[in-house]
Amino acid sequence: MELQITNGGSLKVDEAVFAKDFNEALVHQAVVAYMAGGRSGTKAQKTRSEVSGGGAKPWRQKGTGRARAGTSRGPIWRSGGVTFAAKPRDFSQKLNKKMYRAAIRSIFSELVRQDRLIIVDEFSIEAPKTQAMIAKLAALECNNVLIVTDNDDKNVYLSSRNIPYCEALGVSALNPVSLVGHDKVLITTAAVTKVQEWLS
């Protein structure tokens with residue numbers, strides 16, 4: 001199949017990458033797994049054994065008229081430990097490489113069907129200037145956009161990072177969350193070639 005290049009011409013691409021059926025369940029699984037892998041999982045609380053103090057029995061077992069108590073650091077006491085205390089944990093989910101690549105193929109195919117994939121011959125900025133990037137995107141009628149280049153272009157990244165709803169990535173950093181999170185995906189022909197090599 002052939003895809004149109006914005007500034008003229010066309011690009012022949014593999015149907016196995018850009019013309020797959022949309023698998024919503026698989027894409028959802030890939031997005032959830034990617035976001036779960038980004039969680040720090042560093043939340044921590046103290047149990048009754050970890051809270052300082054509480055070594056001595058607060059009062060004698062019998063004769064006070066109060067309920068018996070063995071420690072002042074139990075969960076029902078003020079400044080006591082937490083009953084089911086949160087501990088550092090790993091939230092990452094396992095997703096096979098084959099499934100991950102299939103999800104990315106599915107996303108790219110849906111972008112093509114919805115006319116949300118914009119292909120250009122090249123995309124570069126001479127100097128890291130936000131205004132220059134805004135002007136370029138305005139010429140392409142892009143507001144909420146993901147810019148994909150064949151490698152990590154420092155000038156493109158620096159020029160786009162202060163623009164709301166604009167993100168710049170190299171092919172090596174592509175992920176399902178960024179691909180589905182923008183209205184348009186602007187990609188260079190060199191990046192398309194790299195994506196095909198990766199997903200074929």
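The values are calculated or read from the model by the stated rules, or taken from the named source; none is laboratory data. These numbers come from a predicted model, not from an experiment. Every residue, glycine as well, gets a Cβ built from its backbone with ideal geometry; the counts of neighbours run over all protein chains shown.
For the range 144-156, which residues satisfy the criterion of being more than 13 Å from Ile119 (Cα to Cα) and either among the β-branched types (Val, Ile, Thr) or touching a Cys at 6+ places or on another chain (Cβ under 8 Å) (or both)?
Within the range 144-156, Asn144, Val156 meet the criteria.
Go through the range 105-133 residue by residue and tally those that are without any contact (Cβ under 8 Å) to a residue 40 or more places away in the chain, under 18 Å from Asn7 (Cα atoms) and surrounded by fewer than 19 Cβ atoms within 10 Å (Cβ to Cβ). Steps first, please.
Quick first cut of the range 105-133, residues without any contact (Cβ under 8 Å) to a residue 40 or more places away in the chain only: 114-115, 124-133.
Filter once more, so that each one left must be under 18 Å from Asn7 (Cα atoms): 115, 124-125, 133.
Still in the running and surrounded by fewer than 19 Cβ atoms within 10 Å (Cβ to Cβ): 115, 124.
Final tally of qualifying residues: 2.
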### Task
Could you tell me which of the residues Ala25, Ala33, Ala102, Ala19 is within 30 Å of Asp121 (Cβ to Cβ) and at pLDDT 95 or above?
Ala102
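Scan the range 65-74 and give yes if some residue there is exposed (fewer than 12 other Cβ atoms within 10 Å of the Cβ), of a type in the set (Gly, Ala, Ser) and either free of Cβ contacts under 8 Å to residues at least 12 places away in the same chain or not in a loop (DSSP other than H, G, I, E, B) (or both), otherwise no. Show your work before the answer.
In the first step, residues of the range 65-74 are kept if they are exposed (fewer than 12 other Cβ atoms within 10 Å of the Cβ); the result is 65-68, 70.
Still in the running and of a type in the set (Gly, Ala, Ser): 65, 67, 70.
Those left that are additionally either free of Cβ contacts under 8 Å to residues at least 12 places away in the same chain or not in a loop (DSSP other than H, G, I, E, B) (or both): 65, 67.
Yes, there is a match, as at least one residue in the range 65-74 is exposed (fewer than 12 other Cβ atoms within 10 Å of the Cβ), of a type in the set (Gly, Ala, Ser) and either free of Cβ contacts under 8 Å to residues at least 12 places away in the same chain or not in a loop (DSSP other than H, G, I, E, B) (or both).
Have a look at Gly54, Gly8 and point out the one that is out of contact with any helix residue (DSSP H, G or I) (no Cβ under 8 Å at 6 or more places or on another chain) and surrounded by 14 or more Cβ atoms within 10 Å (Cβ to Cβ).
Numbers: Gly8 fails: surrounded by 14 or more Cβ atoms within 10 Å (Cβ to Cβ).
Result: Gly54 is the single residue among Gly54, Gly8 that is out of contact with any helix residue (DSSP H, G or I) (no Cβ under 8 Å at 6 or more places or on another chain) and surrounded by 14 or more Cβ atoms within 10 Å (Cβ to Cβ).
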### Query
What residue, among those in the range 12-28 that are assigned to a loop (DSSP other than H, G, I, E, B) and among the aliphatic types (A, V, I, L, M), is farthest from the chain's Cα centre (by Cα)?
Val13
### Query
In this structure, is Gly9 of a type outside the set (Phe, Trp, Tyr) and more than 28 Å from the chain's Cα centre (by Cα)?
yes
### Task
State the number of residues belonging to the range 141-162 that are surrounded by fewer than 17 Cβ atoms within 10 Å (Cβ to Cβ), out of contact with any His (no Cβ under 7 Å at 6 or more places or on another chain) and on the phi < 0 side of the Ramachandran plot.
8
